[in-house]
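Everything on this sheet refers to the single structure shown next.
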Amino acid sequence: MDPKNRPAEIYQMPGRQSDEFSVVAIYDSHIEAEAAVRKLQTSGIDLKKCSIAGRENQSGEHVIGYYQAGDRPAAWGKIGAFWGGLWGLLSGSGIFLIPGIGPVLVGGTLVSAIVGALEGAAIGGGLSALGAGFYNIGIPSETIVDYETAIKGDRYVVIVHGSSTEVATAKVVLESSHEHEKLNFT
């Protein structure tokens, strides 16, 4: 089935408490991804439970520099304002150089999942650090390549984590956001 025609699905995070879930959506541009995150915020979703990942070089709108600003990275350039704004809202930020994909900017709880995979040497089964981070937050291994491919194709992955009620609300918000791709893990 064409991933663009699949509805967003909610999945329980394996090996965790019984009420921990995630929902994932892919957006074609940083403008759409930011609009979705802002819509999540205005809908009462705790942005500390959200993550976003995307490749650095989007449509010629390159970040022209990174630097440390307090407890989070900051960026210069046209798309740097996008990342800088989101990094201030989400719980964690990082820049990872992923072989085969390039520089990937990540905000939110996905950062700690990637770092945990790197520190724990839990990367296996041919997964990249990014793939291991996705796996650590409950994305099934058979769909990880879809998300990595989306990011490699200059798209953005938005993830919301939380209880079944929180994630169900987030799913409605993400599905109502314009022009995004929803993937169903089966």
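Residues that are over 20 Å from Ser22 (Cα atoms), over 16 Å from the mean Cα position of the chain (by Cα), surrounded by fewer than 20 Cβ atoms within 10 Å (Cβ to Cβ) and at pLDDT below 85 occur in the stretch 102-118; there is at least one.
Among the residues of the stretch 19-30, count how many are touching a helix residue (DSSP H, G or I) at 6+ places or on another chain (Cβ under 8 Å) and over 24 Å from Pro140 (Cβ atoms). Give the steps one after another, and end with the answer.
To start, the set of residues in the stretch 19-30 that are touching a helix residue (DSSP H, G or I) at 6+ places or on another chain (Cβ under 8 Å) comprises 19, 21-27, 30.
Add one more test, that the residue is over 24 Å from Pro140 (Cβ atoms), and what stays is 30.
Number of matching residues: 1.
Within the stretch 153-186, the set of residues being on the phi > 0 side of the Ramachandran plot and modelled with pLDDT under 85 comprises just one member, Glu179.
The strands (runs of 3 or more DSSP E) located wholly in the stretch 31-79 that include 3 or more residues which are modelled with pLDDT of 85 or more and within 17 Å of the chain's Cα centre (by Cα) occupy 50-55. Right, Ala150: over 21 Å from Gln41 (Cα atoms), at pLDDT below 85, small (Gly, Ala, Ser) and surrounded by 22 or more Cβ atoms within 10 Å (Cβ to Cβ) or not? Criteria not met by Ala150. Does Gly92 fit the bill of being at pLDDT below 85 and on the phi > 0 side of the Ramachandran plot? Yes, satisfied.
The values are calculated or read from the model by the stated rules, or taken from the named source; none is laboratory data. All values reported here derive from a predicted model rather than from experimental measurement. Counting neighbours? That spans all protein chains shown, and the Cβs are built from the backbone with ideal geometry, glycine included.
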